[in-house]
Amino acid sequence: MRWRRWWPRGSRVATRAPGRPYGVIAPDRRAAADRAEAPAGISEGEWALARARMVQDQLARRGLHDEEVLRAFGRVPRHLFVESNDPYGDRALAIASGQTISQPYVVAAMIAAARPSLGYRSARVLEIGTGSGYSAAILAEMGADVTTIERHAALAAEAVEQLRRAGYGDVRVVVGDGSLGWPEGAPYEAIIVTAAGPSVPKPLLEQLSPDGGRLVMPVGSREQQWLTVVERNGSAFTQREVEPVVFVPLVGEHGFRE
Ligand code: SAM
């Protein structure tokens, strides 16, 4: 099977977020009406067409048929979260702090794999690795109560701004080590880790809902991992490996060292 690289080779996380382990960047509830304008020359209608093509060609054609997920990808303005001439292209893109945003298919596959049995509407969802804020916006578009953690304070601040501009100011963005989770919001119906670790962090397992909570995370070495899905029922955890992948490292107490 072919290894799929989801970010540019050689990218590295630079510094640990300073200060206390967590800092919450307050959600902005006034944001919904304050939407950003498209870059000059490209109308919102053209972006909408690009999104529809992305949904059809990259997601549905590859076998992703979760209607809730497809609808959200058709609505969230990815072009507000990345600086690219081809924001809806079938590839990972560079973002600030030497990090990347995965290709749309990968984001969709992870979100579909973590889907709570009753759907995402009103579900408590924890994302580790905010990056640009795009995947958090998709989860919010589906009606989830989203908390997302990013270790790079500058990236988190930028994500807060873009989430607000795109109309998803209710997303709770936390600066800190996501390998420790966010106990204040537990239990979570879904936990999505968008960086790779040597094993699933114990605090995340503890914060997963005992009523069928699902966690999705790339697990393995720094070089290559398996996309892993864990489901919790009571004190029992079942784990399955879905496909081989390559992600940026989860750097933290229960991840890799800097
Ligand atoms: N979900 C993001 C998006 O939509 O743009 C892309 C995430 S990127 C592939 C992985 C992110 O995980 C990076 O921004 C990186 O800084 C972050 N990260 C790595 N280790 C982390 C940790 N221990 N806690 C929180 N974030 C971490």
Cβ-Cβ under 9 Å pairs, at least 6 apart or on other chains, segment 126-143 side under 10 Å from V76 (Cα atoms) and of a type in the set (D, E), far side more than 10 Å from the ligand (Cβ to nearest atom) and assigned to a helix (DSSP H, G or I): E141/R71; E141/A72; E141/F73; E141/R75
Of the criteria (1) over 16 Å from the mean Cα position of the chain (by Cα); (2) more than 20 Å from G119 (Cα to Cα); (3) β-branched (V, I, T), which one V230 fails: (2)
Positions within segment 178-220 being of a type in the set (K, R) and part of a strand (DSSP E or B), in sequence order: R214
Residue in segment 150-172 that is surrounded by fewer than 19 Cβ atoms within 10 Å (Cβ to Cβ) and hydroxyl-bearing (S, T, Y) present: no
Segment 166-177: number of residues that are in a strand (DSSP E or B) and hydroxyl-bearing (S, T, Y): 0
Lone unmet requirement of (1) within 19 Å of the chain's Cα centre (by Cα); (2) modelled with pLDDT under 95 for E258: (1)
Single residue of V229, V216, V174, V193 found to be farther than 17 Å from M110 by Cβ and hydrophobic (A, V, I, L, M, F, W, C): V174
A140 away from the ligand (no atom under 15 Å from the Cβ), hydrophobic (A, V, I, L, M, F, W, C) and either out of contact with any Leu (no Cβ under 6 Å at 6 or more places or on another chain) or within 20 Å of P249 (Cβ to Cβ) (or both): no
Residue within segment 115-123 that is buried (at least 24 other Cβ atoms within 10 Å of the Cβ) and either farther than 16 Å from Y188 by Cα or within 13 Å of the ligand (Cβ to nearest atom) (or both) present: no
Test: residue in segment 147-158 that is at pLDDT 95 or above, among the hydrophobic types (A, V, I, L, M, F, W, C) and either under 18 Å from G185 (Cβ atoms) or in contact with a Lys or Arg (Cβ under 6 Å, 6 or more places away or on another chain) (or both): yes
Selection count, segment 237-255, where residues are part of a strand (DSSP E or B) and either within 16 Å of the ligand (Cβ to nearest atom) or at pLDDT below 95 (or both): 7
Pick from segment 196-210, criterion touching a Gly at 6+ places or on another chain (Cβ under 8 Å) and surrounded by fewer than 24 Cβ atoms within 10 Å (Cβ to Cβ), ranking: nearest to Q103 (Cα to Cα): P198
I128 crowded, with 21+ Cβ neighbours inside 10 Å, β-branched (V, I, T), within 20 Å of G213 (Cβ to Cβ) and within 10 Å of the ligand (Cβ to nearest atom): yes
Leading residue by the ranking (surrounded by the fewest Cβ atoms within 10 Å (Cβ to Cβ)) among those in segment 173-195 that are among the hydrophobic types (A, V, I, L, M, F, W, C) and within 12 Å of the ligand (Cβ to nearest atom): L180
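Residue-wise test of (1) within 16 Å of the ligand (Cβ to nearest atom); (2) modelled with pLDDT under 90.
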site: R2; (1), (2): no, yes
site: A14; (1), (2): yes, yes
site: A50; (1), (2): no, no
site: G63; (1), (2): no, no
Residues of segment 85-103 that turn out to be surrounded by fewer than 20 Cβ atoms within 10 Å (Cβ to Cβ) and away from the ligand (no atom under 12 Å from the Cβ), as a count: 5
In segment 143-172, the residues that are more than 9 Å from the ligand (Cβ to nearest atom) and under 14 Å from A96 (Cβ atoms): A153, A154, A157, E158, V160, E161, Q162
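The values are calculated or read from the model by the stated rules, or taken from the named source; none is laboratory data. These figures come from a predicted structure and were not determined experimentally. Virtual Cβ from ideal backbone geometry, glycine too; neighbours counted across all protein chains shown.
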